[in-house]
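Have a look at the structure below before the remarks.
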Amino acid sequence: MKRGGGVSGAVSLVMIFCVLCLAVFAVLTLSTADREAKLARLTAENAANYYEADRQAVELLADLAAGRDIPADVEGTLVDLTLPVGEEQSLEVRARLSQDAGSWEILRWRSVYSGDWAADETIEIWDGP
């Protein structure tokens, strides 16, 4: 009598392949979820830093409009503020005290990169023979 072991061997190979594929997809899913969580934390931290600097700028302008003495670059009715936003960014504000007492005209309100930048010159380009 002949034994029929060929079919069960093929099924075992397919099952092993399926389990291996599922394990690879599970590892890829976990690593992607970890990277996304880190990115979400970094984004939330950057947003919190920006809004903290924004709040400080608004408070400083309100204090200046109310006549309180706050150290800033003041030229007549122009005020320049630079507030740090994290380690490598800053919020630049330029405002002018308008003729109406207590109101400001915002001339510039922008976030700028303030970190050190260095060109990457490690790439070697072939000049030819």
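Look at the alpha carbon pairs under 8 Å that are at least 6 residues apart: their mean separation over the length of the chain gives a relative contact order of 15 percent. Mind checking the angle between helix 6-65 and the chain's longest principal axis? C-alpha axes, 0 to 90 degrees, to the nearest 10. The angle comes out at about 0 degrees.
Shown for the chain: the carbon plus sulfur share of the solvent-accessible area, taken with all protein chains present and a 1.4 angstrom probe, equals 59%. Subtracting the Cα-Cα distance of T122 and A40 from 0.36 nm times their residue separation leaves 26.4 nm of extension gain.
For E92, the shell of other residues with beta-carbons less than 9 Å away shows a net charge of +2, using +1 for Lys and Arg and -1 for Asp and Glu.
The sum of -39500 (n - 2.57) across all DSSP H runs of n ≥ 4, divided by the residue count of the chain, sets its helix-only mean residue ellipticity at 222 nm to -17500 deg cm²/dmol. Net charge of the neighbourhood of I106, taken over other residues with C-beta under 10 Å away and scored Lys/Arg +1, Asp/Glu -1, is +2. Database remark: amide H of V85 closer than 5 angstrom to the amide H of S90, L91 (H placed geometrically; neighbours at sequence offset of 5 or more, or on other chains; Pro and chain starts carry no H). Go through S98, Y50, A10 and say which Cα lies farthest out towards the positive end of the charge dipole of the chain; charges sit on Cβ, +1 for Lys and Arg, -1 for Asp and Glu. It is A10.
May I ask for the net charge around N49, where only other residues with Cβ less than 14 Å from the Cβ of N49 are counted and Lys, Arg are +1 while Asp, Glu are -1? After counting each charged neighbour, the total is -3.
Rolling a 1.4 Å probe over the protein heavy atoms gives the chain an accessible area of 82 Å² per residue. The calculated FRET efficiency for R96 paired with A47, based on their beta-carbon distance and R0 = 35 Å, is about 0.80.
The values are calculated or read from the model by the stated rules, or taken from the named source; none is laboratory data. These numbers were taken from a predicted model, which means no experiment stands behind them. Here the Cβ is made from the backbone with ideal geometry for all residues, glycine too, and neighbour counts use every protein chain on show. Heavy atoms of the whole protein, side chains included, go into the accessibility calculation; ligands, DNA and RNA do not. Shrake-Rupley method; radii C 1.70, N 1.55, O 1.52, S 1.80 Å.
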